[in-house]
Amino acid sequence: MGKGFESNRKVHMKYNVGSKQFDCLASSAPVRGGGVSAFWRYTKLLERSRWAKIAPCFVMERKWGENYLHTLLDLKYKDPGSSQQQYSVNGLEAVVIRLPHGWMKAEELTKERIKEVIIFCQELIGARAVIFTTVGLDNNAITADMWKGVVKINQLIHEVANEWQPPKDGQDGVQYVLVQEFSDFTSKILHENGKHIGYNTTSNNFFFERLVGGSTSWPQSIPMVCANKPKDNLDSECKRNKISPDGIHWCVETLGPRFTASIACLLGCVYNERPPESSPEGLTSVRKCEKDCNDQFMSLKRVPDSWIGNEKTLYASSKSNA
């Protein structure tokens with residue numbers, strides 16, 4: 001959103017489990033620089049067959065609701081400047097998607113269905129760019145075989161992105177499909193932490209070392225949540241780290257800045273300066289910019305100190321690859 005725009009966030013739909021609040025639909029308008037960002041929680045794929053006129057905000061949605069869509073597209077907001085001009089959203093230029101592995105089985109997330117989601121995003125909200133964030137380790141991959149399913153999903157994401165053909169001039173459609181390498185990023189963090197606390201990290205087998213005797217209904221990955229190698233894998237012997245609070249979610253305070261910076265960087269590949277041409281050369285420049293963004297932010301590569309704080313604004317472009 002940007003400093004000074006935090007109060008512009010509005011939660012449209014939410015539900016509670018005990019004392020915890022879960023947002024189903026939220027928006028921020030305007031954000032720094034103008035425009036709108038929104039969050040839509042849906043634990044299935046956005047497909048025609050899952051349409052409903054009205055869907056509730058609930059932990060286990062079976063259908064996506066047209067009421068969510070209209071809430072977003074009918075949103076009105078005012079220019080924060082002196083003009084106070086009112087704008088309507090009407091459509092969104094880009095969509096960031098995390099495929100709902102866990103809520104859906106790995107074998108359900110096929111290449112054909114992923115492609116349908118891309119097309120449907122354009123038809124519903126007018127998106128020209130789609131960014132897929134690759135799936136990382138969580139409580140839905142507690143064995144090596146389950147992790148293989150996650151790896152397969154991420155392979156499909158890359159195949160779809162690399163094979164995507166933009167529409168011809170004058171035709172509607174998603175122009176660019178990009179990939180945020182979140183799985184690689186989090187796996188590298190787990191390897192570093194695993195090595196630090198004493199695991200053999202020559203393979204990913206240590207991912208599946210799990211705590212026992214904990215308060216959650218799922219066994220938490222030790223390298224995800226512990227800053228030490230607990231005796232007998234006991235939850236009570238685990239000194240908590242700042243990577244993940246629960247073996248499902250990632251610590252926003254620790255990983256959030258890189259996640260956000262990488263998304264901003266990838267959007268810059270498409271929208272900063274003149275849009276890349278739909279030629280092979282133009283698409284090659286987008287892919288190079290995409291790689292540069294992931295190499296910088298979805299990695300353990302140090303971010304220059306001069307980039308941090310002081311409300312620094314960074315800039316990415318497929319023209320200059322900055």
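The values are calculated or read from the model by the stated rules, or taken from the named source; none is laboratory data. Fair warning: this is a prediction, and the values are worked out from it, not measured in the lab. We place every Cβ from the backbone using ideal geometry, glycine too, and count neighbours over all the protein chains shown.
Across segment 260-301, the qualifying residues are those that are assigned to a helix (DSSP H, G or I) and touching a Phe, Trp or Tyr at 6+ places or on another chain (Cβ under 7 Å), and the one among them that is farthest from residue 194 (Cα to Cα) is 270.
Taking the criterion of being more than 29 Å from residue 131 (Cα to Cα), surrounded by fewer than 20 Cβ atoms within 10 Å (Cβ to Cβ) and aromatic (Phe, Trp, Tyr), the residues of segment 183-226 that qualify are 199, 218.
Here segment 275-289 is the region considered, the condition is being over 19 Å from residue 168 (Cβ atoms) and out of contact with any Cys (no Cβ under 6 Å at 6 or more places or on another chain), and the residue that is modelled with the lowest pLDDT is 285. On the basis of being more than 23 Å from residue 289 (Cα to Cα) and outside any loop (DSSP other than H, G, I, E, B), does residue 159 make the cut? Judged against the criteria, residue 159 is not a match.
In the list 163, 93, 108, 112, which residue meets the criterion of being surrounded by fewer than 17 Cβ atoms within 10 Å (Cβ to Cβ), under 30 Å from residue 283 (Cβ atoms), touching a residue at least 40 places away in the same chain (Cβ under 8 Å) and not basic (Lys, Arg)? So the residue among 163, 93, 108, 112 that is surrounded by fewer than 17 Cβ atoms within 10 Å (Cβ to Cβ), under 30 Å from residue 283 (Cβ atoms), touching a residue at least 40 places away in the same chain (Cβ under 8 Å) and not basic (Lys, Arg) is 93. In segment 162-213, the qualifying residues are those that are part of a strand (DSSP E or B) and out of contact with any Ser or Thr (no Cβ under 9 Å at 6 or more places or on another chain), and the one that is farthest from residue 144 (Cα to Cα) is 176. Among the residues making up segment 302-317, a single one is surrounded by fewer than 13 Cβ atoms within 10 Å (Cβ to Cβ), among the small types (Gly, Ala, Ser) and outside any helix (DSSP H, G or I): 309. In the set 299, 306, 244, 285, only one residue is among the hydroxyl-bearing types (Ser, Thr, Tyr) and farther than 30 Å from residue 160 by Cα; that residue is 306. What number of residues within segment 229-259 satisfy the criterion of being surrounded by 13 or more Cβ atoms within 10 Å (Cβ to Cβ), part of a helix (DSSP H, G or I) and of a type outside the set (D, E, K, R)? Number of matching residues: 5. Does at least one position in segment 70-87 carry a residue that is under 23 Å from residue 33 (Cα atoms), in contact with a Leu (Cβ under 7 Å, 6 or more places away or on another chain) and part of a loop (DSSP other than H, G, I, E, B)? The answer is no, given that none of the residues of segment 70-87 is under 23 Å from residue 33 (Cα atoms), in contact with a Leu (Cβ under 7 Å, 6 or more places away or on another chain) and part of a loop (DSSP other than H, G, I, E, B).
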